[in-house]
Amino acid sequence: MRIPKEFFEGVKVKEIMNTDIVMVTPYHDMKSIQEIMRIKRIDGVPVVNDLGKIIGLVTVENVISALASGDLKSPCEKYMVRNPKYLDPEDNLYTALKLFRQYRFGRFPVVNNEGEVLGILSTKDIVLKLLAIEEKEVKIEKKSELEPLILEYPVLGGDFVSAGIASSTVKKVLQQLGVEPSIIRRVAIITYEAEMNIVIHAYRGVLKVFLTPEIIEIIAEDEGPGISDIELAMQPGYSTAPDNIREMGFGAGMGLPNIKNCSDELRIESIVGKGTKVISKIYLDKK
Amino acid sequence: MKSKEIAQILNFQVISSPNGDVDIKYGIVCDLLSFVMAHALEDSIWLTIQTHLNTIAVAVLTGIRSIVFVSGQKPNEETIKKAIEEKINLYVTEKSAFEIAGELYKLGIRGEEKRL
Ligand SMILES: Nc1ncnc2c1ncn2[C@@H]1O[C@H](COP(=O)(O)OP(=O)(O)O)[C@@H](O)[C@H]1O
Ligand SMILES: [Mg+2]
């Protein structure tokens, strides 16, 4: 089915935009905006100055960045998109769709000549217009619009105080995004074991998680002694962890086997004397 | 059964109870963290002698709601602080893990090994 261009040109942005919006000031913290988004089921919140004129837009992506940095207490000014692209209420839907295609954003504020925000137009509003159906339950239909979401955390060898923070943060972000619990569970095991291996066996490294609608890729890369016999290291029960580490309950030699069990695909690259890279993939779309 | 009810019935010393109302469904007894990571079920109570900070991360990651430090093991300040932050209940008992597991079983708490 092709919808004629004239149809879109005949619909004005102001007729289909969502006017049930919440605006915030630059001093609002990210935590309260996260709550607003959750409760109102919206994914963009305009930021206005004391005169009520738009100066920014906080999107779900911005909230995720703040969340990933454990920084939800910060004012939204720090994370918002400044001078966001916007639509005019008199624009037609065709113009709007071109803007959506050009910028690949999920929503645009609708702003009049005075700089006042009248509403927000999201892809959701357009789909609802096209289908002419009532809005019922709408989940955060995020994730796919932009580049992959990337989470990245430094991990320090021997630092048992911070150990586990990176993987715990990853879990929380995935929960926020509504990723399926069974998948979160697997990611939690992989990230925890990979993080702990850097803490226990290496000097320093990074834990990275890439998320797209199709795949979650976890990469743990470190500078460290490397692994001379990867096949042996993969054996359940094999561990070179010293006694004091074992007494803490680490070093059961189950880390790499656990990672393998939870991955759809696993690759380990290691150079003795240089470091190790663990690349694990989980496919999300296989049914 | 609620975590705080279990704590009361089994006479645990309550170290932190930020989420005492949570419903506990399963139990796990183990001191190897990788094993707990692989096998603990969501909404579990965990009996262990490991009291260091990393136990909290393991609880957060697995969905363990309450930790009982058995045989009189006591957590340090850092562990307690983190537990409160992450809403994990902490208890201490002089009894052994074996004794407490038996008591929990009588209360209807079951163990289950998560198959990966
Ligand atoms: N990042 C790493 N750098 C160096 N050696 C590693 C690394 N990860 C794992 N290893 C080696 O592989 C062994 C097995 O790892 P694992 O299965 O996680 O068990 P554990 O960490 O309990 O020893 C480790 O004891 C160590 O010798
Ligand atoms: Mg390990």
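Residues of region A:186-206 being charged (D, E, K, R) and either surrounded by 23 or more Cβ atoms within 10 Å (Cβ to Cβ) or free of Cβ contacts under 8 Å to residues at least 40 places away in the same chain (or both), which ones?
A:E193, A:E195
Results for (1) out of contact with any Leu (no Cβ under 8 Å at 6 or more places or on another chain); (2) hydroxyl-bearing (S, T, Y), shown as yes or no for each residue.
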| site | (1), (2) |
| --- | --- |
| A:K14 | no, no |
| A:S32 | yes, yes |
| A:M37 | yes, no |
| A:K40 | yes, no |
| A:S74 | yes, yes |
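Which ones in region A:195-238 are polar (S, T, N, Q) and under 26 Å from the mean Cα position of the chain (by Cα)?
A:N197, A:T212
If we keep just the residues of region A:212-233 that are closer than 23 Å to B:V58 by Cβ and of a type in the set (A, V, I, L, M, F, W, C), which is surrounded by the most Cβ atoms within 10 Å (Cβ to Cβ)?
Here the residue is A:A220.
Within region B:8-34, which residues are away from chain A (no Cβ under 14 Å), buried (at least 22 other Cβ atoms within 10 Å of the Cβ) and in contact with a Phe, Trp or Tyr (Cβ under 7 Å, 6 or more places away or on another chain)?
B:F12 - this is the single residue of region B:8-34 that is away from chain A (no Cβ under 14 Å), buried (at least 22 other Cβ atoms within 10 Å of the Cβ) and in contact with a Phe, Trp or Tyr (Cβ under 7 Å, 6 or more places away or on another chain).
Restricting to region A:203-258, name every residue that is within 16 Å of ligand 2 (Cβ to nearest atom) and among the aromatic types (F, W, Y).
A:Y203, A:Y238, A:F250
Among the candidates B:G27, B:G20, which residue alone is touching a residue at least 40 places away in the same chain (Cβ under 8 Å), in a loop (DSSP other than H, G, I, E, B), touching a helix residue (DSSP H, G or I) at 6+ places or on another chain (Cβ under 6 Å) and more than 24 Å from A:G70 (Cα to Cα)?
When all the criteria are applied, what remains is B:G20.
Just wondering, is there one or more residues in region A:182-201 that are more than 14 Å from every other protein chain (Cβ to nearest Cβ), of a type in the set (D, E, K, R), within 13 Å of ligand 2 (Cβ to nearest atom) and touching a strand residue (DSSP E or B) at 6+ places or on another chain (Cβ under 8 Å)?
No, region A:182-201 contains no residue that is more than 14 Å from every other protein chain (Cβ to nearest Cβ), of a type in the set (D, E, K, R), within 13 Å of ligand 2 (Cβ to nearest atom) and touching a strand residue (DSSP E or B) at 6+ places or on another chain (Cβ under 8 Å).
Can you list the strands (runs of 3 or more DSSP E) lying wholly within region B:35-108 that have 1 or more residues being within 14 Å of another protein chain (Cβ to nearest Cβ)?
Once the strands (runs of 3 or more DSSP E) in region B:35-108 are filtered for at least 1 residues that are within 14 Å of another protein chain (Cβ to nearest Cβ), what remains is B:44-48, B:64-69.
Can you pull out the residues in region A:169-207 that are outside any helix (DSSP H, G or I) and out of contact with any Asp or Glu (no Cβ under 8 Å at 6 or more places or on another chain)?
Across region A:169-207, the qualifying residues are A:L177, A:G178, A:V179, A:E180.
Determine which single condition B:E94 fails, assuming it passes every other condition in (1) surrounded by fewer than 19 Cβ atoms within 10 Å (Cβ to Cβ); (2) farther than 19 Å from B:L32 by Cα; (3) touching a residue at least 60 places away in the same chain (Cβ under 8 Å).
So B:E94 meets the others, but not (3).
How many residues are more than 15 Å from ligand 2 (Cβ to nearest atom) and closer than 15 Å to A:A194 by Cα when one looks only at region A:259-276?
4
Looking only at region A:241-272, filter to residues that are more than 12 Å from chain B (Cβ to nearest Cβ) and hydrophobic (A, V, I, L, M, F, W, C); which one of those is farthest from A:L284 (Cα to Cα)?
Per the criteria, the residue is A:V272.
Please go through (1) farther than 19 Å from B:M1 by Cα; (2) modelled with pLDDT of 95 or more; (3) out of contact with any Cys (no Cβ under 7 Å at 6 or more places or on another chain) for B:G20 and return the number of the only condition it doesn't satisfy.
B:G20 satisfies all of (1) farther than 19 Å from B:M1 by Cα; (2) modelled with pLDDT of 95 or more; (3) out of contact with any Cys (no Cβ under 7 Å at 6 or more places or on another chain) except (1).
Hand me the list of helices (runs of 4 or more DSSP H) wholly inside region A:14-124 holding 2 or more residues that are under 30 Å from A:A166 (Cβ atoms).
It comes to A:30-40, A:60-68.
The values are calculated or read from the model by the stated rules, or taken from the named source; none is laboratory data. From a predicted model like this one, the values you see are computed outputs, not experimental measurements. A quick note on method: Cβ atoms are made from the backbone with ideal geometry, for glycine too, and the neighbour counts reach across all protein chains shown.
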